[in-house]
Amino acid sequence: MDLQISAFLLLILFTAGNCLKCNVCVADSCVETTCSSGLTNCVSATYTTVSPNNTSTVKAKMCVRPSDCITGSYNIGVSKASTSCCSTDLCNVQDAPDPSNSPNGKKCFYCDLNNDCSSTLSCSGSQDRCIKITGTIANQTLVVKGCASKSYCDAGTSVSNVNLAGSISCCEGNLCNGAQSVTQSFLFLCGSLLSYFLLH
């Protein structure tokens, strides 16, 4: 009986000792946190939103599941992000780099604030794919287009959270993500996508 109790206590201590620690930050407030079970990676993210009168940047750090461990960047015209993922204790101490502004020769369609998806965007840095995200919010079909790193495309083909359900498709050719205009609540969709990447 004592051997079973000792083995059980040893197992608990061994398991507890292997929990990953990450920096968890929102805005300027950061804490070292022991990640919950299943969250075995740390991520740093830099999100930039661009509007005609303002540009704002948010930096975040958190624990994530392996399926959400993405190192790369995306640009959807009014919003762009860069993420860096790792798997050792407190490895996300450094901020993710600001999304690159150096064009890499790739071009993709994106949807502007007037819901016109015929504008083109010069991709930058590691963004080697055109991305199209089609989602539904309150029975309304919404579309976001832009540039993304292969790692974002490889992460999954669907988006699902409280506000948004949809699919992600990627392609490799220049302007391969189509130019059709759509009617949408574009800023609401961008907010939902941001919350998906921050909280998923």
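Could you list all residues from region 40-62 that are under 18 Å from the mean Cα position of the chain (by Cα), more than 12 Å from residue 92 (Cβ to Cβ) and open to solvent by 40 Å² or more (accessible area, probe 1.4 Å)?
Within region 40-62, 40, 49, 50, 56, 57, 58 meet the criteria.
Working only within region 102-135, note down all residues that are over 23 Å from residue 84 (Cα atoms) and either among the hydroxyl-bearing types (Ser, Thr, Tyr) or out of contact with any Cys (no Cβ under 9 Å at 6 or more places or on another chain) (or both).
Across region 102-135, the qualifying residues are 110, 112, 113, 114, 115, 116, 118, 119, 120, 134, 135.
Scan region 101-112 residue by residue and report those that are part of a strand (DSSP E or B), touching a residue at least 40 places away in the same chain (Cβ under 8 Å) and more than 14 Å from residue 73 (Cβ to Cβ).
We begin by selecting, within region 101-112, every residue part of a strand (DSSP E or B); these are 103-110.
Okay, now just the ones that are also touching a residue at least 40 places away in the same chain (Cβ under 8 Å), so 106-109.
Result: 107, 109.
Considering only residues that are modelled with pLDDT of 75 or more, open to solvent by less than 80 Å² (accessible area, probe 1.4 Å) and either of a type in the set (Ser, Thr, Tyr) or not in a strand (DSSP E or B) (or both), which ones fall in region 1-28? Working first, answer last.
Residues of region 1-28 modelled with pLDDT of 75 or more: 19-26, 28.
Cutting the leftovers down to open to solvent by less than 80 Å² (accessible area, probe 1.4 Å) gives us 19-20, 22-25.
Matches in region 1-28: 19, 20.
Among what's in region 113-136 and is touching a residue at least 60 places away in the same chain (Cβ under 8 Å) and touching a helix residue (DSSP H, G or I) at 6+ places or on another chain (Cβ under 9 Å), pick the residue that is nearest to residue 72 (Cα to Cα).
As a first pass, look at region 113-136 and keep what is touching a residue at least 60 places away in the same chain (Cβ under 8 Å): 113, 115-118, 133.
Filter again for touching a helix residue (DSSP H, G or I) at 6+ places or on another chain (Cβ under 9 Å), leaving 113, 115, 133.
Details: 113: 24, 115: 26, 133: 17 Å.
The extreme case among them is 133.
The values are calculated or read from the model by the stated rules, or taken from the named source; none is laboratory data. Fair warning: this is a prediction, and the values are worked out from it, not measured in the lab. Virtual Cβ from ideal backbone geometry, glycine too; neighbours counted across all protein chains shown. Quick note on the areas: whole protein, heavy atoms, side chains included, nothing else; ligands and nucleic acids left out. Shrake-Rupley method; radii C 1.70, N 1.55, O 1.52, S 1.80 Å.
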